[in-house]
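First comes the structure, then the notes that go with it.
The values are calculated or read from the model by the stated rules, or taken from the named source; none is laboratory data. Because the structure is predicted, anything quoted here is derived from the model rather than measured. No Cβ is skipped: glycine too gets one built from the backbone with ideal geometry, and neighbour counts run over all protein chains shown.
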Amino acid sequence: MHFSMLRKFVPALFLIVSLPLIAQTDWIKTGTNLGVEKVRLAVPDFKAGQGSESLAAAFDQTLWNDLYQSGLFDLVSKSFNPTQAPGQPSEVQLNVWASPPPSASMLAFGNINVANNEVTVQGWLYDVKNPQTPQVLGKQYKNGATVENTRLIAHKFADEIIFRLGGGIQGIAESKIYFISTRTGHKEVWVMDYDGSNQKPVTHLGSIVLSPRASPDGSRVAFSWMSNGWEIGIYSTELGRPVNFARLGGTNSAPAFSGDGTKLAFSSSRSGDPEIYTSDTTGGNLKRLTNVKGPDTSPTWNPKTNAQIAFVSGRTGLPQIYTMDVDGSNVVKMTDQGYAISPSWSPNGQFLVFAWTRHYGPGAPGAQDIYIMDVASHQWVQLTHDGGRNDFPSWAPDGRHIVFQSSRSGREEIWSMLADGSQQTQLTTNGTNSMPNWSAK
Amino acid sequence: MAVRAEIFEEHERWAPSLIASTVLHVGLTAAIVFTGWANFHHAGENWGGDTSGGGGAMSATLVSAIPLPHPVEESQNVLANDSKGLSQAQPTVKETPPPDAIAIADKKAKEKPQKKAPPAPRDQKKPKPVEEARNNEIPYGEGGPVGSMYSNSGTNFAMGNTKGGISVGQGGDFGNRYSYYVDAVRRKITENWLRYEIDPHTPPGKRTYITFDINRDGSPSNVRIEQSSGIPSLDISAQRALQRIDTFGPLPGGYSGNKVSVEFYFER
């Protein structure tokens, strides 16, 4: 009898012994055609404490705009929200938010208070469908009580929500856009928040400045300017003044920082014909990359690998987009017709966005629009259709937004859109604004 | 002697024969000609079918109308496809004659010179461990408590909420607790899946199952094809979709495990 009982035990014993060894992982099973809808997110106004109404208004508006601009959410219209805005987790009734009319799947709420000239914001993100453990995020922010700081807090909170619900997307709410504006009378470099607010001048050179490009860490902005001939200039945002860059002679334009910020690529005609050169950030270590008759300009680095550069070349006649390795070899032609300029390489290294007039020449309709092309397969999609001349596209660091200049409103202005061409928003209204560049910081 | 001998005593009367022969030949010829005319004279018939107006051109049909054989879609029905099914064949037991049996001499059994004594009779072949059954295993208890086979054996070992081992009651719950994370994973993969990489002639409904792990920091690892769809371009495009993704976002803070396994299907 013992023997047969032991027989039953032995496999069980094996199991006990191996218990700590079997690290059983949790499984997720899902698939592609189960629907990829946008997350339905409800964002009621934050509960405003005494004396914080103006700040609360700025906060609510900024938060709403950031979440809308991300293109990830189906925001519940504010008129659907229940009349009592929750300010604390204890005040939240999830069933009210889950049922119609809001029918939300996520809820972002909180409160904002001012005390001792300091604004304090508490924000939560709740999963409405999960009553047992609804909290996804719980954050508290404190700063001096100004509108500026309140907007910054709203940007931070929005970025957190986007990071959690978007699957690791680094939000762009705190990013900046550099651009050229004529409103001081000269073309100078200006900077603004990614949503068009807070527009400020950067350079005061009193000359013509073109094509600003920020370094990946945001500490420097490169541009080309007229100072006894066209030269490359670098402005340090940390020091607040221009810094040194070698004078090269000829016409130098279109500087572009590499993805790690250690090198600069630009176009120079110091040898007679505009060619692509690379140098370090002070202009030393000059290396020439192209060697063909015909102007080569507008270089842009592959920010993921730092091993390729896309540029515009007129070596076959009209300007076309090419890519080459960073030593100048392996030149590949990307476009095959029309007039293509201003390439910008996406942060994940997969796409090029550029301005293209596909039917160019006498008698052709000739609209200049922004196109996106998959580098590997050369397949392209047209992003803008609404008329005007669209030029100078630049990728946002999240790889989901593009800023560009458009003349569709009658004058050159800066516009932004999602990378599929939707949600095109005008960012500037004052003066003539052109040549935008999206900076991570 | 110019003698003309009248050899022939009687005139051969050849005229009637000649006339008969002539008539026969003429008649035969006429019959041939008539038959030829009657059979092969077609008044105004057009080649190439019924084209009124006498165009006479052949109409070409588009190649796609030619009924090419459809790519065979493997049905899921266990009886209708090549899978081994849910049952397994019993290994055939080789009948060994009892040791003291005398072999019956058959007619042709001459004394063949015995080269070598045959090797010792092999042991009865052990039944091969069944590997194929794994695919058809009905999955149970994945991520959940261990199957009840052992827990009911009356033994006393505690199968409670042991930490660091099998998580009872919590396992398999990830999707319920963190459904927003699952949605984000699904969205990210679908965004990075480029369908133009798939052969356009693939019939709809084909699925590739890919398994991978998501580490604590959100990066995918250990990507492998769990079940191929049989279409290489679909499998490769599925793997490439995973390769394009750097991170899904860190695992939710409230989750204590180090990684999550994902089984994801790509359906054409």
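With respect to A:Asp296, determine if the residue is touching a Ser or Thr at 6+ places or on another chain (Cβ under 8 Å), over 26 Å from A:Trp415 (Cβ atoms) and either hydrophobic (A, V, I, L, M, F, W, C) or away from chain B (no Cβ under 14 Å) (or both).
Numbers: touching a Ser or Thr at 6+ places or on another chain (Cβ under 8 Å): yes; over 26 Å from A:Trp415 (Cβ atoms): yes; either hydrophobic (A, V, I, L, M, F, W, C) or away from chain B (no Cβ under 14 Å) (or both): yes.
Criteria met by A:Asp296.
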Checklist entry - For B:Gly218, all conditions in the list (1) surrounded by fewer than 16 Cβ atoms within 10 Å (Cβ to Cβ); (2) at positive phi hold save one; what is the number of the exception? => result (1)
Checklist entry - Can you tell me which residues in the range A:80-121 are surrounded by fewer than 20 Cβ atoms within 10 Å (Cβ to Cβ), among the polar types (S, T, N, Q) and closer than 24 Å to A:Ala58 by Cβ? => result A:Thr83, A:Gln84, A:Gln88, A:Asn116, A:Asn117, A:Thr120
Checklist outcome for this item: Restricting the range A:270-295 to residues that are polar (S, T, N, Q) and surrounded by 17 or more Cβ atoms within 10 Å (Cβ to Cβ), the one farthest from A:Ser215 (Cα to Cα) turns out to be A:Thr290
Item to check | Residue check, B:Gly165 in contact with a Leu (Cβ under 8 Å, 6 or more places away or on another chain), at pLDDT 90 or above and at the interface with chain A (Cβ under 7 Å from one of its Cβ atoms) | outcome: no
Checklist entry - Taking the condition β-branched (Val, Ile, Thr) and either modelled with pLDDT under 95 or within 24 Å of the chain's Cα centre (by Cα) (or both), does A:Ile234 pass? => result yes
Checklist entry - Within the group A:Gly185, A:Gly261, A:Gly249, A:Gly240, which residue is farther than 30 Å from A:Gln135 by Cα, surrounded by fewer than 19 Cβ atoms within 10 Å (Cβ to Cβ) and touching a residue at least 40 places away in the same chain (Cβ under 8 Å)? => result A:Gly261
Next on the checklist: Can you go through A:Gly283, A:Gly294 and tell me which one is assigned to a loop (DSSP other than H, G, I, E, B) and under 23 Å from A:Tyr371 (Cβ atoms)?
Outcome noted: A:Gly294
Item to check | Residue that is farthest from A:Met324 (Cα to Cα) [pool: residues in the range A:229-278 that are part of a loop (DSSP other than H, G, I, E, B) and among the charged types (D, E, K, R)] | outcome: A:Glu238
Item to check | A:Ala364 vs. criteria free of Cβ contacts under 8 Å to residues at least 60 places away in the same chain, loosely packed, with under 15 Cβ neighbours inside 10 Å, within 14 Å of chain B (Cβ to nearest Cβ) and in a loop (DSSP other than H, G, I, E, B) | outcome: no
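Looking at the range A:118-194, what strands (runs of 3 or more DSSP E) fall wholly within it and have at least 1 residues that are under 23 Å from A:Val92 (Cα atoms)?
A:118-127, A:135-144
Kindly indicate whether any position in the range A:49-56 is at pLDDT 75 or above, polar (S, T, N, Q) and part of a helix (DSSP H, G or I).
Yes, some residue in the range A:49-56 is at pLDDT 75 or above, polar (S, T, N, Q) and part of a helix (DSSP H, G or I).
Results for (1) of a type in the set (Val, Ile, Thr); (2) more than 7 Å from chain A (Cβ to nearest Cβ); (3) in contact with a helix residue (DSSP H, G or I) (Cβ under 6 Å, 6 or more places away or on another chain); (4) in a helix (DSSP H, G or I), shown as yes or no for each residue.
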| residue | (1), (2), (3), (4) |
| --- | --- |
| B:Gly175 | no, no, yes, yes |
| B:Tyr181 | no, yes, no, yes |
| B:His201 | no, yes, no, no |
| B:Val223 | yes, yes, yes, no |
| B:Ala241 | no, yes, yes, yes |
Checklist entry - Which strands (runs of 3 or more DSSP E) sit wholly inside the range A:388-441 and have at least 1 residues that are surrounded by 23 or more Cβ atoms within 10 Å (Cβ to Cβ) and among the aliphatic types (A, V, I, L, M)? => result A:401-406, A:413-418, A:433-439
Checklist entry - Name the residues in the range A:128-164 that are within 14 Å of chain B (Cβ to nearest Cβ), under 17 Å from the mean Cα position of the chain (by Cα) and hydrophobic (A, V, I, L, M, F, W, C), would you? => result A:Ile161, A:Ile162, A:Phe163
Next on the checklist: Given the criteria small (Gly, Ala, Ser) and within 14 Å of chain B (Cβ to nearest Cβ), does A:Gly185 qualify?
Outcome noted: no
Item to check | Only one of B:Ile245, B:Ile214, B:Ile231, B:Ile189 that is more than 9 Å from every other protein chain (Cβ to nearest Cβ) and of a type outside the set (D, E, K, R) | outcome: B:Ile231
Checklist entry - Restricting attention to the range A:327-334, does a residue exist that is out of contact with any Phe, Trp or Tyr (no Cβ under 6 Å at 6 or more places or on another chain), part of a loop (DSSP other than H, G, I, E, B), under 27 Å from A:Ser407 (Cα atoms) and of a type outside the set (Phe, Trp, Tyr)? => result yes
